[in-house]
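S.K.: The structure is given below, and queries will be raised subsequently.
The values are calculated or read from the model by the stated rules, or taken from the named source; none is laboratory data. Here the structure is a predicted model, which means the values were calculated and not measured. Cβ coordinates were reconstructed from backbone atoms using ideal geometry, including for glycine residues, and neighbour counts include every protein chain displayed.
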């Protein structure tokens, strides 16, 4: 029992003297968020506009929820938009996808893209949008994904699946 007491004191002392040891206890995991934007474009001849929104709760990922109060860092790895269904192929003349919460916002422009099932649009980090989305996730609040734009023909419905892939670092201490 006496040896156990000394061992525990040594562990405590090591943690105080060598705080870098806490970093060794970091937990890293991937968290992926999805939402479907179901777009219905009314009838029209040319350049018919649309807009649709959906929300995502960061705590919907089980690991994110488990370490909710212990998260140190969130790094966005990828943001993609995929057309998973469409009633007829059209062209996206112009569009903007925005991700935002009460205090932060990131947006990407999409222009002249043929839309058909399987079309994937990768939203890059050229304007620093991934960093903003990382901060939105670190805010740990429900956030909104919004798309608006124009397609070259009306009377079409399509689903845009938005996927945000992240790497999260948490420390259980």
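S.K.: In the range 156-173, what residues are farther than 21 Å from residue 81 by Cβ and either exposed (fewer than 15 other Cβ atoms within 10 Å of the Cβ) or within 10 Å of the chain's Cα centre (by Cα) (or both)?
M.R.: If the condition is that a residue be farther than 21 Å from residue 81 by Cβ and either exposed (fewer than 15 other Cβ atoms within 10 Å of the Cβ) or within 10 Å of the chain's Cα centre (by Cα) (or both), then 172, 173 are the ones that fit.
S.K.: Touching a residue at least 12 places away in the same chain (Cβ under 8 Å), within 18 Å of residue 159 (Cβ to Cβ) and touching a helix residue (DSSP H, G or I) at 6+ places or on another chain (Cβ under 8 Å): which single residue out of 71, 56, 113, 79 fits that description? It would help to see each step written out before you state the result.
M.R.: Values: 71 fails: within 18 Å of residue 159 (Cβ to Cβ); 56 fails: touching a helix residue (DSSP H, G or I) at 6+ places or on another chain (Cβ under 8 Å); 113 fails: touching a helix residue (DSSP H, G or I) at 6+ places or on another chain (Cβ under 8 Å).
Testing whether each residue is touching a residue at least 12 places away in the same chain (Cβ under 8 Å), within 18 Å of residue 159 (Cβ to Cβ) and touching a helix residue (DSSP H, G or I) at 6+ places or on another chain (Cβ under 8 Å) leaves just 79.
S.K.: Considering every residue within the range 68-76, establish whether at least one is closer than 28 Å to residue 40 by Cβ, surrounded by 15 or more Cβ atoms within 10 Å (Cβ to Cβ) and at pLDDT 95 or above. If you could, list the steps in order and put the result at the bottom.
M.R.: Kept after step one, since they are closer than 28 Å to residue 40 by Cβ, are these residues of the range 68-76: none.
Taking every residue of the range 68-76 in turn, none turns out to be closer than 28 Å to residue 40 by Cβ, surrounded by 15 or more Cβ atoms within 10 Å (Cβ to Cβ) and at pLDDT 95 or above.
S.K.: Same structure, new question: Report yes if some residue within the range 104-116 is modelled with pLDDT under 95 and within 22 Å of residue 56 (Cα to Cα); otherwise report no.
M.R.: No, the range 104-116 has no match at all.
S.K.: Considering only the range 134-143, I want to know if a residue exists there that is assigned to a strand (DSSP E or B) and either closer than 15 Å to residue 58 by Cβ or touching a residue at least 12 places away in the same chain (Cβ under 8 Å) (or both). Full working, then the answer.
M.R.: So the first thing to find is which residues in the range 134-143 are assigned to a strand (DSSP E or B), and the list is 143.
Within this subset, residues satisfying the condition of being either closer than 15 Å to residue 58 by Cβ or touching a residue at least 12 places away in the same chain (Cβ under 8 Å) (or both) are 143.
The answer is yes, given that some residue of the range 134-143 is assigned to a strand (DSSP E or B) and either closer than 15 Å to residue 58 by Cβ or touching a residue at least 12 places away in the same chain (Cβ under 8 Å) (or both).
S.K.: Okay, moving on. Take the residues in the range 49-67 that are surrounded by 15 or more Cβ atoms within 10 Å (Cβ to Cβ) and more than 26 Å from residue 29 (Cα to Cα); name whichever of them is nearest to the chain's Cα centre (by Cα).
M.R.: 52
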